[in-house]
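Only one structure is covered here, and it is reproduced in the block below.
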Amino acid sequence: MTEKPQPPAIEARHLVKRYKHKTAVDGISLRVARGETFGILGTNGAGKTTTVEMIAGLRKPTEGSVRILGLDPFTERAKVRQILGVQLQGAYLHGSLTARELVDLYRGFYPDPLDADEALTMVELTDKARTKFDDLSGGQMQRLSIALALIGRPQVVILDELTTGLDPRARRRVWATIESLSEQTVILISHAMDEVERLCDRVALIDAGRVLAHGTPGQLREQAGAVTLEDAFVALTGKDIQGDEEED
Amino acid sequence: MSEAVHARRPGPRAWLKLIQAEAKMVTRDTAGLIVPLGLPLLILVMQGISFEDLGVEVAEGVTAFSVFLLPVVVTMVVATIAVINMPSFLATYRKTKLLRRLAVTPASPAMVLVAQMAVSFIQVLLGIGIAFGVAMVFFDADLPRSPLVAAAVLLACCAAMYGVGMIVASISPTPNSSVAIGLIAFFGIAALGGMFGPAENLPEPLQTIGSWLPFGASVDALQHAWAGEPVDPKNWLVLGATAALGAGVAAALFRWE
């Protein structure tokens, strides 16, 4: 008997999201293999967050389809929620609860969660267990958000603007946490070139709601004839990564 | 071929954790507790010491204080929590994307709504308990002569006020606007329902309007329960219709984000 092939971690086909006066995503297709760390790179307003919100089942596409490990995030929502961990850009938590209380709260949502101490240790917040979320620093909040995204032992993790606004030391600590994820498929949305270059196996460059290029960071540099990924981005999009300040 | 995943909804432990979390949020926001617990108590004490004839028996074994003042205080406790506090929590959660964060877990944002209501109800019982304790100790207040009817009216009042609260939460774009709209709604229905003095003292058109609003209907129904008289069916209708209207508006307009 031959085994059926396993579906990829994520398969997005021709995703389109149109609003009244704007097309935010214009036919994006992505295929992410299991265990891969995949970066989605683009300026603010390029359509990165809208794309991952459609992948996560938070925003219904105008056209196209998404499958996470073969499951439809809209019609098989309950199943997808158990295998997917998401850290949303700018999302807040119950501010008066301590780090430990938040971990306990989120543990309760999953059938086989990580141990609370293990989760706090993983993001180096053991000493902040009794600190309220509101009193954590930006980096600590971000690390706690990552811990909560991983608390249900997800097979696929989506991390949106992981280190935006963090100081260099905090960024490196967050990167170390991501690098320690060996079993999960990770989708990393960023406009930080160094972060994507360091963490991602493959990258999709998105601009104006479309994928302009995709491949390993090395392939993208080669394709653009550039020395750095940032130079490659500028060459392929004609834009400075930090230039556009539109809402994504 | 898709992954073999067994869809599992969060169980009782998750509900308990979420209710505990909401309760901690409420109790750690001490400023938010002052209005629902303090304002009704203030009205109770000020009215209690201002009027000399409140000790007069108006029905067998029940004083004017109990029949006329306690129903107003009970309704105030429910209204401040349901119409002002609860919508502001939901609006804050919406603005800070907390509900959205929960939407990507097996928990649904609707669980937060239910947990908020559960915690609000505990606050209601606490507020009524404090007010009633003060009334018993300092003003010789009486229990309602029809306690089961009073309990039923309290539940209907909670449903109606949560309905108003959900309308406030549905139409408020920001936490500040939620507090502003909640306060206007609260003082509007309370002023016409007898919070600042007997509704009978209001001009007749205002009396009529007040009697068709949930605060006035709740006060009138509780007064009858306290006096041991049957509750006017109109009051049940008003409370039930307000709850249904609130649920309908929330279903149509409430947004998690």
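The values are calculated or read from the model by the stated rules, or taken from the named source; none is laboratory data. Remember, it's a predicted structure, so these values are computed and weren't measured experimentally. A quick note on method: Cβ atoms are made from the backbone with ideal geometry, for glycine too, and the neighbour counts reach across all protein chains shown. Surface areas here come from the heavy atoms of the whole protein model, side chains and all, with no ligands, DNA or RNA. Shrake-Rupley method; radii C 1.70, N 1.55, O 1.52, S 1.80 Å.
Looking only at segment A:50-85, count how many residues are farther than 27 Å from residue A:113 by Cα and either in contact with a Cys (Cβ under 7 Å, 6 or more places away or on another chain) or touching a residue at least 24 places away in the same chain (Cβ under 8 Å) (or both). Talk me through it step by step, then tell me what you get.
Keep residues of segment A:50-85 that are farther than 27 Å from residue A:113 by Cα, which gives A:50-51, A:60-65.
Still in the running and either in contact with a Cys (Cβ under 7 Å, 6 or more places away or on another chain) or touching a residue at least 24 places away in the same chain (Cβ under 8 Å) (or both): A:50-51, A:61-65.
Adding up the residues that qualify gives 7.
Considering B:105, B:96, B:92, which residue is under 29 Å from residue A:82 (Cα atoms), open to solvent by less than 10 Å² (accessible area, probe 1.4 Å), of a type in the set (Ser, Thr, Tyr) and over 12 Å from the mean Cα position of the chain (by Cα)?
Numbers: B:96 fails: open to solvent by less than 10 Å² (accessible area, probe 1.4 Å); B:92 fails: open to solvent by less than 10 Å² (accessible area, probe 1.4 Å).
None of the others qualify; the one that does is B:105.
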Inset, instruction - Could you tell me whether segment B:8-31 includes any residue that is of a type in the set (Gly, Ala, Ser) and away from every other protein chain (no Cβ under 14 Å)? - result: no
Inset, instruction - Could you tell me whether residue B:151 is in a helix (DSSP H, G or I) and open to solvent by less than 10 Å² (accessible area, probe 1.4 Å)? - result: no
Inset, instruction - Pairs only if they're at least six apart or on different chains, beta carbon under 9 angstrom, first in segment A:95-109 and in contact (Cβ under 8 Å) with a residue 40 or more places away in the chain, second aromatic (Phe, Trp, Tyr); list them, first residue then second. - result: A:99/A:133; A:102/A:133
Inset, instruction - Output the residues belonging to segment B:28-56 that are touching a helix residue (DSSP H, G or I) at 6+ places or on another chain (Cβ under 7 Å), open to solvent by 60 Å² or more (accessible area, probe 1.4 Å) and within 22 Å of residue B:118 (Cβ to Cβ). - result: B:35
Inset, instruction - Could you please find all residues in segment B:176-219 being over 18 Å from the mean Cα position of the chain (by Cα) and polar (S, T, N, Q)? - result: B:176, B:177, B:201, B:207, B:208
Inset, instruction - From (1) in a loop (DSSP other than H, G, I, E, B); (2) open to solvent by 70 Å² or more (accessible area, probe 1.4 Å), pick out the condition that doesn't hold for residue B:231. - result: (2)
Legend entry - Residue count for segment A:40-89, restricted to those that are more than 8 Å from every other protein chain (Cβ to nearest Cβ), open to solvent by 10 Å² or more (accessible area, probe 1.4 Å), within 12 Å of residue A:15 (Cα to Cα) and part of a strand (DSSP E or B): 3
Legend entry - From the options A:204, A:149, residue that is touching a strand residue (DSSP E or B) at 6+ places or on another chain (Cβ under 8 Å), crowded, with 22+ Cβ neighbours inside 10 Å and closer than 25 Å to residue A:106 by Cα: A:149
Inset, instruction - Could you tell me whether any residue of segment A:113-125 is of a type in the set (A, V, I, L, M, F, W, C), facing chain B (nearest Cβ under 8 Å) and buried (at least 18 other Cβ atoms within 10 Å of the Cβ)? - result: no
Inset, instruction - Could you check, for segment B:170-177, whether at least one of its residues is open to solvent by less than 20 Å² (accessible area, probe 1.4 Å) and within 27 Å of residue A:90 (Cα to Cα)? - result: yes
